[in-house]
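Before any comments, here is the structure.
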Amino acid sequence: MASKHPVEVTPDYWDEACKHLAKRDRVMKKLIPQFGEARLQSRGDAFATLARSIVGQQISVKAAQSVWTRWVALAPKCQPASVLALGVDEQRAAGLSARKVEYLRDLAEHFDAGQVHVRQWAQMDDEAIIEELVAIRGIGRWTAEMFLIFHLMRPNVMPLDDVGLLKGISTNYFSGEPVSRAEAREVGDAWAPYRSVAVWYIWRSLDPLPVDY
């Protein structure tokens, strides 16, 4: 897979974010030290990351990995043009549903036609990037927010549609009582401007394995 980041990249704001969160939030103060030097890491390029998120939808991590491996072998460079050259049948044979084949084609067309402004993303705010991404079939707001956190490493994303985040806030802040989006948003207000970092620690509190995207 072609990669602009041969090595994993870690956000430069992480230590500052941890200090800020520990000062502002009693739960974070306890949670952060439990995970030592662990950090959010980004790797791979934008197109491959989004393609992978489409391939993995609604199937187990293990199944997604095996379909991804077979699919990427058909288009080893994982570039939009090589994906557009693929036939439907060979992709179906790799384990993709007809719908996912359509979604991957739409993703490739958006990138190929320059409808996503990858080079301008650094200057664009989160909502503007989400708007570009959700215009692609098969990418909803949750996927776009995961992309902002894990790929672009944006510091202040609060993915309120994420079941794990709501569960983690319930466990860590409300003694296991169910929480509404409004309550979760309120907890997140104390985390700004580093909501993504706090979200990452909440996920880790539920599952000691690093969240990978």
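The values are calculated or read from the model by the stated rules, or taken from the named source; none is laboratory data. Just so it is clear, the model here is predicted, and its values are computed rather than measured. Methodologically, a virtual Cβ is constructed for each residue, glycine included, from the backbone with ideal geometry; neighbour enumeration extends over all protein chains shown. What goes into the accessible areas is simple: the full protein's heavy atoms, side chains included, and nothing from ligands, DNA or RNA. Shrake-Rupley method; radii C 1.70, N 1.55, O 1.52, S 1.80 Å.
When S170 is tested against (1) farther than 22 Å from A51 by Cβ; (2) open to solvent by 20 Å² or more (accessible area, probe 1.4 Å); (3) touching a Gly at 6+ places or on another chain (Cβ under 7 Å); (4) of a type outside the set (V, I, T), exactly one condition is not met: (2).
Scanning segment 92-131 for residues that are closer than 20 Å to A81 by Cα and open to solvent by less than 30 Å² (accessible area, probe 1.4 Å) returns A94, L96, K100, V101, L104, D106, L107, A108, H110, V116. If the condition is being more than 13 Å from G95 (Cα to Cα), among the aliphatic types (A, V, I, L, M), open to solvent by 40 Å² or more (accessible area, probe 1.4 Å) and touching a residue at least 12 places away in the same chain (Cβ under 8 Å), then segment 55-83 contributes only A81. Report whether or not S170 is on the phi < 0 side of the Ramachandran plot and at pLDDT below 95. Here the answer is no, as S170 does not meet what is asked.
Are any of the residues in segment 177-191 of a type in the set (K, R), over 27 Å from A48 (Cβ atoms) and buried (at least 16 other Cβ atoms within 10 Å of the Cβ)? No. Mind listing whichever residues of segment 11-54 are free of Cβ contacts under 8 Å to residues at least 60 places away in the same chain, open to solvent by less than 60 Å² (accessible area, probe 1.4 Å) and not aliphatic (A, V, I, L, M)? Residues satisfying the conditions are G36, R39, D45. Applying the set (1) in contact with a His (Cβ under 7 Å, 6 or more places away or on another chain); (2) basic (K, R); (3) modelled with pLDDT of 95 or more to R70 leaves exactly one unmet item: (1). Sub-6 Å Cβ pairs linking a first residue in segment 90-101 that is part of a helix (DSSP H, G or I) and of a type in the set (A, V, I, L, M, F, W, C) to a second residue that is buried (at least 17 other Cβ atoms within 10 Å of the Cβ) and modelled with pLDDT of 95 or more, at least 6 apart or interchain, are V101/Q91, ordered by first then second residue.
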